[in-house]
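Working notes for the structure below.
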Amino acid sequence: MLALTAFSSFAQEGWVMEATSRKDYNGATMANGRIGVVTDDRPFTAREIVLAGVFDKEGYNGVSRVARGPVFLNMELAVDGKKVSDSDFSDWSQRFDIRNAQLTTNVDLKGKASFKYTVLALRQLPYNAMSVVEVIPHKDMTLKVENIYGIPEEMSDIQSSFKEGEQLVYQLNAATRTKMHRVSSSSMFMFEGKEPEVRRIEEEGRDGIWFEARLKKGEQYRFALVGAVCSTQDFKDPVNESKRFATFAYKSSIDYLINNHRKAWDELWQGDIIIEGDPESQLDIRHALYQLYSITRDNCPVGIAPMGLSSSEGYNGHYFWDTELWMYPPILVMNPEAGRSLMDYRANCLPQAKQNALNHGYKGAQYPWEADSSGEECTPVWALTGTYEHHITADVGIAMWQYYCVTQDKEWLREQGWPVLKAVADFWVSRAQKNEDGSWSVLNVVGADEYAENVDDNAFTNGAAKRVLRDVTAAAKVLGKNVDPVWMEISDNLVFTYDEEGVTMEYTGYDGRLIKQTDVNMLAYPLAVVTDREQIVRDINYYFDRIDPNGPAMSNAIIAVLHARLGDPETAFKVFKKSYTDKLRPPFGVLSENADNSRVSFATGLGGILQSVIFGFAGIEITEEGIVQLPAKLPSHWKSLTVTGVGVEKKTYKVVNE
């Protein structure tokens, strides 16, 4: 069975991964919720920097795509006047410290010097990242270091400048693909002790800054490269803001920046998942939790893309139901403040969702299937999901109610949550159609199983509508609002179809064909609209072998939760491991969307994996009264499972194998 340990050794109680092979390298992402630095196997190089919430068109006639920034952390080295190339280095290794959110590369330069450099996306400074370099010379030597940006190929109108001051600042300002935004990066070198002179590169066709230092044999030399990237999405003047942020970091010490980065992560890791008795699963879960922590932050109202901040290409960086159904529940439980940021994003986009409903002849709010920072529909026009996958509107409403359930924040519910919930209810009242027998149908949709297009009474769509109308009714009662009786009339009478064995059919006329991902089974979890044990078992048994084995990672995560809640932890564990182990990519086990594709760091799937543990094995449940713990059983080889820092009160929940 594959796990992260298939690629890396692990140590320090599930916090560290180490790699010594560069074969089939997939970079780890050092992110802080605003920027994601994707690491590379090439020494002193980052692959790309992805900007949260910054979008431009993929082309002049295309939909939006999340933007990349200049890679301001790249360096080129020369020793004793000779430029150092990748092939000159030996003894390559990398160490991914999950606890401190940093990746360290070690290389040796053929007996001349040993180098160690560490990449961090500074958690306390949302637009800053840093590389810290330590050199141990094996002989007296001269080291020259150049900072030359990696510029995304889609950028244009590139302008560089150099600001004189206490130290030279290198600044680059460029337009995104179709000039919707300007992105600006600034960088500076930091030193311990006496600073060498930092100068501008004067060579034709090369732009950047450099310094040179004389090093003595055996004496460690330490310096850092720190920078910031800003855009017109967040700032009217990103040029000067990036300079200010770089200078702010420069005026600190290297250790001050590192220590404050670690303190910020210390606070996040108050919410931890501790598995005793299974080192492989411990590392897998810690890594998944790190990924979700790294792509969210407090007071940052943007959505989360399926690939997080690891790529600008995966689904164009758009926001789907992946946020509300898959990544948000673990985030909400482990870090409610970041959960609020996700809900703030949807609340801020309510006007656009209302306009979208009007544009399609409906009332209330119709949230787009694929969204960006504009809040408008961004699905490519060839995909029917953008026109018909309407369950997203219910998913958003369910998430809004869950935030209230976890926080019990009635003021937030009144000011932020209720306008969305009410508009979502209005949408479903206008979207559903009453039948002659008094039942209600939702016709012509794409469900969670996207292989089935334009079907009637899809189980998950109707289940999500049923659930959200129930939630809106509960919210109205909490706030003393008028309850529209049609909400529960529709909720209680939505159509679900069954075969002769009593299995819930995925939609009217479903014939047992292969499905992309679980649909019916989510009626039991997370929707909780099916609670009968026998029905849950029938539906699992019927659909388990009908799920496409090359489909996304989340299906088995749901089945694992259900088996755990049914009191069968051994089967739950097998399905839990099946949900992701064939999708891990070397050297750090980043998750691909499925076993056959190359899209990695699939944050949606990581959310599913975490749900298996939090809401399955740990028995944690979100209720109207807050977070509770259901009776739970562990796989026989797990000694205990502890979830710390849960909810606003930062409680601890534990399950012990007797």
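A few remarks follow.
- Sorted by Cβ density within 10 Å, fewest first, the residues LYS217, LYS194: LYS194, LYS217
- Top positive-direction residue, dipole computed over the chain with Cβ charges, set THR105, ALA394, LEU523: THR105
- Sequence-distant lysines (8 or more away, or on other chains) whose Cα lies within less than 25 Å of LYS251: LYS116, LYS144, LYS163, LYS194, LYS236, LYS243, LYS263
- Exposure rule at most 12 other beta-carbon atoms within 10 Å, DSSP loop chymotrypsin sites (Phe, Trp or Tyr not before Pro): the chain longest free segment: 61-381
- Within the same chain, lysines fewer than 8 places from LYS434 are excluded, and of the rest, those with a Cα less than 30 Å from its Cα are LYS354, LYS363, LYS422, LYS466, LYS477, LYS481, LYS516.
- Residues of type lysines that LYS654 reaches as a straight line, Cα spacing below 18 Å, ignoring anything fewer than 8 places off in the same chain: LYS633, LYS639
- Candidates per GluC sites (Glu not before Pro) in segment 191-277, loop by DSSP, up to 12 other Cβ within 10 Å: GLU197, GLU202, GLU203, GLU204, GLU219
- Trypsin sites (Lys or Arg not before Pro) within segment 500-579: DSSP coil, no more than 11 neighbouring Cβ in 10 Å: ARG513
- Taken about its Cα centre, the chain carries a charge dipole of about 1920 debye when Lys and Arg each add +1 at the Cβ and Asp and Glu each add -1 at the Cβ.
- Label zone at SER114, where the point sits 7 Å out along the Cα-to-Cβ direction: segment 243-265 residues whose backbone N lies under 16 Å: none
- What the Cβ-Cβ distance of GLU202 and LYS263 gives, at R0 = 35 Å and to the nearest 0.05, is a FRET efficiency of 0.30.
- R0 of 51 Å, Cβ-Cβ distance LYS23-ASN299: FRET efficiency to nearest 0.05: 0.80
- Cβ-based exposure ranking for HIS181, HIS637, in which fewest neighbours within 10 Å come first: HIS637, HIS181
- Within segment 385-443, the GluC sites (Glu not before Pro) that combine a DSSP coil assignment with at most 16 other C-beta atoms in a 10 angstrom radius are GLU436.
- Maximal additional length on extending the SER93-ILE158 stretch stands at 19.9 nm, based on 0.36 nm per residue less the C-alpha distance.
- The calculated FRET efficiency for ASP568 paired with ARG513, based on their beta-carbon distance and R0 = 25 Å, is about 0.35.
- Cα-based shape type of segment 300-446, given that a ≥ b ≥ c are square roots of the gyration tensor eigenvalues and the cut on a/c is 1.5: oblate
- The fraction of all Cα pairs in segment 29-261 landing in successive 10 Å bins from 0 to the largest distance is 8, 34, 36, 18, 4, 0, given as whole percents.
- Two-site label geometry, ASP140 and PHE544: point separation in nm, points 7 Å out along Cα→Cβ: 7.3 nm
- Simple spin-label estimate for GLU192 and VAL628 in nanometres, 7 Å along Cα-Cβ: 5.5 nm
- Calculated from backbone phi, Karplus (6.51, -1.76, 1.60) coupling profile of segment 270-282 in Hz, x at Gly/Pro: 4, x, 9, 10, 10, 10, 9, x, 8, x, 5, 5, 4
- Our compactness index for segment 504-597, the C-alpha radius of gyration over the empirical 2.2 N^0.38 Å, is 1.12.
- If only the Cβ of Lys and Arg carry +1 and only the Cβ of Asp and Glu carry -1, the dipole of segment 403-470 around its Cα centre is close to 380 debye.
- Between ASP237 and LYS217, the simple spin-label model (points 7 angstrom out along Cα→Cβ) gives 5.3 nm.
Since every read-out is calculated from the coordinates, none of them should be taken as a lab result. Here the structure is a predicted model, which means the values were calculated and not measured. Cβ atoms come from the backbone with ideal geometry, glycine included; neighbour counts cover every protein chain shown.
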